[in-house]
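K.L.:
Dumping the structure here so I can ask a few things about it.
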Amino acid sequence: CIHEVFDRRGAGGVDGAVTTLAVVAGTIGAKLEPNIIVILGAANLLADGFSMAASNFLGTRAEKDDHARIARIEAKHIDVDPDGEREEVRQIYAAKGFEGDDLENTVRIITSDRQRWIDTMLVEEYGLPSTVRSEWAAAASTFAAFVICGLAPMVPFLLGLDNAFALSSVITGIVFFGIGSVKARWSTDSWWRSGTITLLIGAAAATLAYLAGDLVKRLAG
């Protein structure tokens, strides 16, 4: 569903922005040169982006395999005991408030098409989606979101701008708030609350990274 797709892309985007900003903040805290920031940031984008995409690929493939396995089980049930499976459909829709001719017509329509019957049981009995999206699409969208949002903290450094870290923080903060605000469409939170929470999480990560870099710099002399 759209919600699930955005959740995964949004997570990839937030992770990309958080980890890259953390690299930038930690490097600034350690008083390293801007070119080091660009090198470490780029390495983070590619390595962490690939890692997250691979994880999403494997997770989605596992979901797809499980979906296919349960579909085969349900198809076998229909072949072995069609009357029993038909009665399950009847009970499912009776519990939804269908009765009389409406109930019987619904059962007849669903069970008249084998694939529709299987899809219905997957959704109603197992709580699964009728289809699972491509694992390749899941991985690609996650990687794209990670890289696009992860580039935000690096833009001022890539352009060689003055006050690059301040600009990087502002740009990334806008990205955080934007992702959080859009996510509010599928939650009970207001857009500004969801955006603010996401912004604060990102700011906390950047602060910790900066302090860690500064601490290491002091300890290393």
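K.L.:
Ranked from the most accessible area to the least, with a 1.4 Å probe and all protein chains present, what is the order of T207, T131, T120? List each step's numbers first, then the result.
P.N.:
Numbers: T207 75, T131 100, T120 20 Å².
Final ranking, largest accessible area leading: T131, T207, T120.
K.L.:
Ordered by residue, what ³J(HN,Hα) values in Hz, to whole numbers, does region 105-110 give under the Karplus form 6.51 cos²θ - 1.76 cosθ + 1.60, where θ = phi - 60° and Gly and Pro are x?
P.N.:
Listing the rounded values in order: 5, 5, 4, 5, 5, 5 Hz.
K.L.:
So, one more: If E135, E99 are ordered by their accessible area, calculated over protein heavy atoms with a 1.4 Å probe, which sequence runs from highest to lowest?
P.N.:
So, going from the largest accessible area down, we get E99, E135.
K.L.:
On a straight-distance basis, which lysines could pair with K217 in a cross-link, Cα separation under 16 angstrom, same-chain partners fewer than 8 positions away excluded?
P.N.:
K31
K.L.:
Follow-up question, since we're still on this one. Would you work out the relative contact order for the chain, in percent, from Cα pairs under 8 angstrom that are 6 or more residues apart?
P.N.:
So the answer I get is 40 percent.
K.L.:
If I fit a long axis through the Cα atoms of helix 135-151 and take the longest principal axis of the Cα atoms of the chain, what angle between them do I get, 0 to 90°, rounded to 10?
P.N.:
For 135-151 against the chain, the angle is about 30 degrees.
K.L.:
Rolling a 1.4 angstrom probe over the protein chains, ignoring ligands and nucleic acids, what is the accessible area of H67 in square angstrom, nearest 10?
P.N.:
It works out to around 30 Å².
K.L.:
For the chain, with a Gaussian network of springs between Cα atoms less than 10 Å apart, report the residue from A75, A94, A25 with the top mean-square fluctuation.
P.N.:
Fluctuation is largest for A94.
K.L.:
Give me a comma-separated list of calculated 3J(HN,Hα) values for region 82-98, in order, Karplus coefficients 6.51, -1.76, 1.60 applied at θ = phi - 60°, integers in Hz, x for any Gly or Pro.
P.N.:
x, 5, x, 5, 5, 5, 4, 4, 4, 5, 4, 7, 5, 5, 7, x, 6
K.L.:
Determine how large the accessible area of R90 is when every protein chain is in place; take a 1.4 Å probe and give Å² rounded to the nearest 10.
P.N.:
So the heavy atoms of R90 present about 60 Å² to solvent.
K.L.:
Tell me, what is the 1.4 Å probe accessible area of D65, in Å² to the nearest 10?
P.N.:
Using a 1.4 Å probe on the heavy atoms, I get roughly 100 Å².
K.L.:
Using 7 Å Cα-to-Cβ label points, what is the N105/V38 separation (nm, one decimal)?
P.N.:
It works out to 6.9 nm between the two label points.
K.L.:
So how many Å³ per residue does the convex hull of the Cα atoms of the chain work out to?
P.N.:
144
K.L.:
Leaving out ligands, DNA and RNA, what percent of the accessible area of the chain is carbon and sulfur, probe 1.4 Å?
P.N.:
On the way: 7870 of 12440 Å².
With neighbouring chains kept in place, the figure for the chain is 63 percent.
The values are calculated or read from the model by the stated rules, or taken from the named source; none is laboratory data. All figures in this text were calculated on a predicted structure; none of them were measured in a lab. Every residue, glycine among them, receives a Cβ derived from its backbone with ideal geometry; neighbour counts consider all protein chains shown. Protein only, heavy atoms only, side chains kept; ligands, DNA and RNA dropped before computing areas. Shrake-Rupley method; radii C 1.70, N 1.55, O 1.52, S 1.80 Å.
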